[in-house]
Structure formats: structure tokens, C-alpha cells
1. Need pairs with beta-carbon distance below 7 Å; first residue at positive phi and within the range 207-232, second assigned to a helix (DSSP H, G or I) and of a type outside the set (A, V, I, L, M); sequence gap 6+ or separate chains.
2. Kindly establish whether Leu76 is under 22 Å from Arg18 (Cα atoms), open to solvent by 30 Å² or more (accessible area, probe 1.4 Å), touching a Lys or Arg at 6+ places or on another chain (Cβ under 8 Å) and free of Cβ contacts under 8 Å to residues at least 60 places away in the same chain.
3. Looking only at the range 126-155, filter to residues that are outside any helix (DSSP H, G or I) and either farther than 13 Å from Pro64 by Cβ or not hydrophobic (A, V, I, L, M, F, W, C) (or both); which one of those is least open to solvent (accessible area, probe 1.4 Å)?
4. What's the total number of residues in the range 202-241 that are aliphatic (A, V, I, L, M) and buried (at least 24 other Cβ atoms within 10 Å of the Cβ)?
5. Suppose we filter the range 38-62 for residues that are open to solvent by 20 Å² or more (accessible area, probe 1.4 Å), among the hydroxyl-bearing types (Ser, Thr, Tyr) and touching a residue at least 40 places away in the same chain (Cβ under 8 Å); how many remain?
6. Quick check on Leu192: is it more than 25 Å from Phe90 (Cα to Cα), over 19 Å from the mean Cα position of the chain (by Cα) and at pLDDT 95 or above?
7. Inspect the range 17-33 for any residue being of a type outside the set (Phe, Trp, Tyr), within 18 Å of the chain's Cα centre (by Cα) and either outside any loop (DSSP other than H, G, I, E, B) or over 29 Å from Leu130 (Cα atoms) (or both) and give the result as yes or no.
Amino acid sequence: MVRDHAGAFLLAVQFLTRIPIPKGVEFSASRNDLSTGYYPAVGAVVGLVITGVWWGTSSLLGHPTAIVLSLVSGILITGAFHEDGLADTFDSFGSTTKDKALEIMRDSRLGTYGVAALLSVFALKVSALLQIAHTMIPFIIISAHVLSRFSSMMVARTSTYVREAGTAKPVAQSIDPIPLLIMVGTVLVTLLVNSMFVSPLLSITLAVATCVGHFISRLCYELRLGGYTGDCLGATQQITEVVIYLSAVMWLH
């Protein structure tokens with residue numbers, strides 16, 4: 001049982017990041033289904049790496065440069081997995097029909113809307129994090145990566161996958177009660193840590209921000225598509241992450 005969960009976690013790491021996992025990890029359909037429950041936990045790992053880069057470079061290069069480098073490290077460690085989904089989702093805004101939108105989202109080329117979205121999101125992340133107190137940054141970054149991945153998984157859990165086949169279809173079909181409980185447990189632990197070491201009000205703020213980011217994200221694509229694609233999950237993660245950073249700034253001010 002423990003071995004299955006450990007294997008599922010490593011499969012989640014393999015799917016969401018570029019972090020190498022041991023070659024001996026066995027793949028099975030049941031482990032793969034279980035792995036979706038660990039997506040928010042992988043977010044915590046990504047958040048820890050980003051925080052570590054910020055902490056390690058801030059004293060040498062200064063706070064602003066460290067913030068930029070830490071965000072770049074997040075892009076590198078995930079292979080721009082979620083950023084790619086954000087760009088493709090926004091590129092589809094130039095379409096007039098659902099079929100055209102889905103076609104654009106499959107196109108590997110980057111368009112004006114996608115570039116604008118990437119630049120806007122990155123700028124908002126930098127701007128927000130520069131306004132957050134140094135002692136708060138680890139809590140905010142790790143929480144944002146946990147909660148934003150939970151937000152994207154809730155889209156897969158509650159919405160309709162609009163393609164006949166795709167990378168995200170197995171994800172949508174595998175969020176059973178056990179993976180869902182693991183995700184909820186990870187979120188609750190994250191909020192509890194913030195309540196204990198920072199403030200219960202911060203936890204409430206982050207929870208509300210996650211809901212707001214989730215709602216805004218779905219407005220971007222569900223009305224046009226009647227559901228979501230794998231790219232939409234990436235867009236949901238990125239938008240929710242930004243909303244969480246902005247909400248933390250509002251809470252601090």
C-alpha cells in the first residue's frame with residue numbers, strides 16, 4: 001500500500017516536472033490513477049525548489065533578481081508545462097468557433113494572445129512577489145503552487161473534457177474518491193501550516209483567492225468550449241497562482 005502511494009507520487013513528479021525519478025519505479029494503471037491525487041503535493045515540491053533558489057540567490061544578487069531567477073527556475077523545473085497551456089488557451093481567443101479554437105490550441109506555434117498572456121502573468125508574479133515580506137515568501141510561494149494545482153484538478157473533476165482523446169483525458173477519468181481525498185488533505189495541511197506559522201486570516205485569504213482564480217479561469221474557456229482541454233488546466237494553474245499572489249499582497253496591505 002505504502003509502496004503504491006510512493007510510486008504514484010513519483011509518477012506525478014514525472015508527469016508534472018522534469019525531475020528525474022528512479023528507473024525502478026513500476027508503472028501500472030492503478031498507480032497512474034492514484035497519482036492525480038499527488039499533483040498538489042508535487043506543487044509543494046516545485047514551490048520548495050523555487051523558494052530555495054530565491055533564498056540562495058537573494059543575498060548574492062539582491063531581492064528583485066532573486067525573485068526573477070526563482071520564477072525562471074519554476075519554469076525550468078516544470079518544462080513550462082503550465083505556461084504552455086496558458087499560451088495555447090489564450091491564443092484560442094482569436095477563434096470564432098469551438099472547432100477553430102480547439103485547432104488553434106493544438107498548433108505548436110505561439111500567437112499574439114499567447115505571448116501577451118505569458119508576459120502579463122510573469123510580470124504580475126514578479127510585481128506581486130516584490131511586495132511580499134521576505135519572511136512570508138516561502139509560505140506564499142509553496143501555498144500558491146499547491147492550491148493552484150488543486151484548482152486545475154477541480155476543473156478536471158467537475159467539468160467536461162471536450163476532446164475525444166488527449167493527454168488530459170486519462171487525468172479527468174482518474175480522479176476517484178481516494179485521489180480526491182489526498183488532494184483535499186494536502187490543501188488542508190497547507191492551510192493549517194499557514195494558520196499556525198503566519199495567520200488564520202492568511203489561510204482564509206488564500207482559500208478565497210483559490211476559488212476566485214478558479215472561477216476566473218473557467219470563464220476564460222468554458223463558455224466558448226463547453227468544457228476544458230489539457231491546455232485549459234495549465235491556464236487554470238497559472239491564473240490561480242497569480243490571483244493567490246495578488247491576494248497575498250492585498251492581505252499584507
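The values are calculated or read from the model by the stated rules, or taken from the named source; none is laboratory data. Being a predicted model, the structure only gives us computed values, none of them experimental. Note that we place each Cβ from the backbone using ideal geometry, even for glycine, and neighbour counts take in every protein chain shown. Surface areas here come from the heavy atoms of the whole protein model, side chains and all, with no ligands, DNA or RNA. Shrake-Rupley method; radii C 1.70, N 1.55, O 1.52, S 1.80 Å.
1. Gly226/Lys98
2. Working: under 22 Å from Arg18 (Cα atoms): yes; open to solvent by 30 Å² or more (accessible area, probe 1.4 Å): yes; touching a Lys or Arg at 6+ places or on another chain (Cβ under 8 Å): yes; free of Cβ contacts under 8 Å to residues at least 60 places away in the same chain: yes.
Judged against the criteria, Leu76 is a match.
3. Initial filter on the range 126-155 (outside any helix (DSSP H, G or I)): 131-136.
Now narrow it down to the ones that are either farther than 13 Å from Pro64 by Cβ or not hydrophobic (A, V, I, L, M, F, W, C) (or both): 131, 133-136.
Numbers: Gln131: 86, Ala133: 47, His134: 101, Thr135: 110, Met136: 19 Å².
Filtering first and then ranking leaves Met136.
4. Taking the range 202-241 and keeping what is aliphatic (A, V, I, L, M), we get 202, 204, 206-209, 212, 216, 219, 223, 225, 233, 235, 239.
Add one more test, that the residue is buried (at least 24 other Cβ atoms within 10 Å of the Cβ), and what stays is 206, 209, 233, 235, 239.
So the count comes out to 5.
5. 2
6. Working: more than 25 Å from Phe90 (Cα to Cα): yes; over 19 Å from the mean Cα position of the chain (by Cα): yes; at pLDDT 95 or above: yes.
When the stated conditions are applied, Leu192 passes them.
7. Within the range 17-33, the subset of a type outside the set (Phe, Trp, Tyr) is 17-26, 28-33.
Among the residues that remain, those that are also within 18 Å of the chain's Cα centre (by Cα) are: 17-19.
Going one step further and asking which of them are either outside any loop (DSSP other than H, G, I, E, B) or over 29 Å from Leu130 (Cα atoms) (or both), we end up with none.
Scanning the range 17-33 turns up no residue that is of a type outside the set (Phe, Trp, Tyr), within 18 Å of the chain's Cα centre (by Cα) and either outside any loop (DSSP other than H, G, I, E, B) or over 29 Å from Leu130 (Cα atoms) (or both).
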